[in-house]
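Before any comments, here is the structure.
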């Protein structure tokens, strides 16, 4: 295995679990930042002096996990309202010592407020959750890794650190740092069920989901279409930008998180859909409005393929406000997952059900095959009223000509 000596050395330090698969994939667990932040939360709960809390917090924020968080959440490609820095996070945490919590008008910190409030009131609940996470049998971790690899083309290795932490702005995510390392992180605040106990099944499904993101080989497609050389108004670039999230999130959501759908069932019928309760409610809502979502996709694709988009920023803003979780703000709903997760899982679920796993891999290597293969698979399956869910032939023809 490449870099075997380095891997063995890393396993001997503060990482508490290391697992490998027959494909030579490996993951290692990092609980250090979760332990450190628990100390901060316990101090706030115990009404410690501000100097004590700030000293503990400063120590926690020097850890690698929080540096990775800041790199991810301050990426300049993110919109300003979607960023959060460690300076903002520190101010947010220290404000729990005061009469009111200061979210500084930041959308992500606003989302975190109720979660951290519960932790400040009940630190023992999260301490127990961390204990349970650390006690997950290695065989279950291996199972999640194998599920992720099963839904990736043959020969792919997934090597990553798995960070358990009190996150600064989100739930679970995958990130490659500037030095080339792969990380996947899980916010312990979102790993508990409605009863306040650690939800192992949800975590393991989400683990598979994020490991799939790390392994998915998208570069070959981007190289094939010379993506970096395309203009911002190029139909091929706009189509790629529009469909990328549906493919990457749809694959992970359907086949690793084990999501149900309108057109196809869960891939693993005996297992639960790995999602928090709010996300499951989003999913039920999306299934009920599938026809409207499908019509919106057709409308957006026609704009792209007919060359009618002269202002890409305006189009992508509209995309964000409909296809991502940001839609909840304008629609007055509590979205934690965006429609792109759901709609992509519907399309890819149909392809797998009708054409098999190899059809999914064709899509990974060429995004332009998504809709033609979906139409072909849906015609093979012929669910009730399936004709209304097909993409028009003019859209298929235009995509094939990109």
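The values are calculated or read from the model by the stated rules, or taken from the named source; none is laboratory data. Every value quoted in this text rests on a predicted model; they were computed, and no experiment measured them. Note that we place each Cβ from the backbone using ideal geometry, even for glycine, and neighbour counts take in every protein chain shown.
Among the residues of the range 93-116 satisfying the criterion of being more than 22 Å from residue 329 (Cα to Cα) and part of a helix (DSSP H, G or I), which is nearest to the chain's Cα centre (by Cα)?
My answer is 93.
Can you tell me which condition residue 84 does not meet? The list is (1) closer than 28 Å to residue 178 by Cβ; (2) part of a helix (DSSP H, G or I); (3) modelled with pLDDT of 95 or more, and all the others hold.
Checking residue 84 against (1) closer than 28 Å to residue 178 by Cβ; (2) part of a helix (DSSP H, G or I); (3) modelled with pLDDT of 95 or more, the one that fails is (2).
Looking at the range 267-293, which of its residues are part of a helix (DSSP H, G or I), within 24 Å of residue 378 (Cα to Cα) and within 22 Å of the chain's Cα centre (by Cα)? So that I can check it myself, show each step before the final result.
Taking the range 267-293 first, the residues part of a helix (DSSP H, G or I) are 277-288, 290-293.
Next cut, within 24 Å of residue 378 (Cα to Cα) only: 283-288, 290-293.
Within the range 267-293, 283, 284, 285, 286, 287, 290, 293 meet the criteria.
In the range 148-183, which residues are part of a strand (DSSP E or B), within 29 Å of residue 105 (Cα to Cα) and touching a residue at least 60 places away in the same chain (Cβ under 8 Å)?
Once the filter is applied, which keeps residues that are part of a strand (DSSP E or B), within 29 Å of residue 105 (Cα to Cα) and touching a residue at least 60 places away in the same chain (Cβ under 8 Å), the range 148-183 yields 163, 164, 165, 173, 175, 183.
In this structure, is residue 223 farther than 22 Å from residue 25 by Cα, without any contact (Cβ under 8 Å) to a residue 60 or more places away in the chain and either not assigned by TED's automatic domain parsing to the domain that holds residue 36 or not in a loop (DSSP other than H, G, I, E, B) (or both)?
Judged against the criteria, residue 223 is a match.
Could you please let me know if residue 261 is part of a loop (DSSP other than H, G, I, E, B) and at pLDDT 95 or above?
It is true that residue 261 is part of a loop (DSSP other than H, G, I, E, B) and at pLDDT 95 or above.
So in the range 381-402, with the set limited to residues that are assigned to a loop (DSSP other than H, G, I, E, B) and more than 30 Å from the chain's Cα centre (by Cα), which one is modelled with the highest pLDDT?
It comes out as 392.
How many residues are in contact with a helix residue (DSSP H, G or I) (Cβ under 6 Å, 6 or more places away or on another chain) and either outside the structural domain of residue 72 (by TED's automatic domain parsing) or farther than 21 Å from residue 39 by Cα (or both) when one looks only at the range 107-123?
Result for the range 107-123: 1.
Do you know which residues across the range 147-160 are out of contact with any helix residue (DSSP H, G or I) (no Cβ under 6 Å at 6 or more places or on another chain) and either modelled with pLDDT under 95 or in the same structural domain as residue 256 (by TED's automatic domain parsing) (or both)?
Answer for the range 147-160, where residues must be out of contact with any helix residue (DSSP H, G or I) (no Cβ under 6 Å at 6 or more places or on another chain) and either modelled with pLDDT under 95 or in the same structural domain as residue 256 (by TED's automatic domain parsing) (or both): 154, 155, 157, 159.
Condition first: modelled with pLDDT under 95, farther than 30 Å from residue 236 by Cβ, buried (at least 21 other Cβ atoms within 10 Å of the Cβ) and touching a helix residue (DSSP H, G or I) at 6+ places or on another chain (Cβ under 8 Å). Can you find one or more residues in the range 275-288 that meet it?
Looking through the range 275-288, at least one residue is modelled with pLDDT under 95, farther than 30 Å from residue 236 by Cβ, buried (at least 21 other Cβ atoms within 10 Å of the Cβ) and touching a helix residue (DSSP H, G or I) at 6+ places or on another chain (Cβ under 8 Å).
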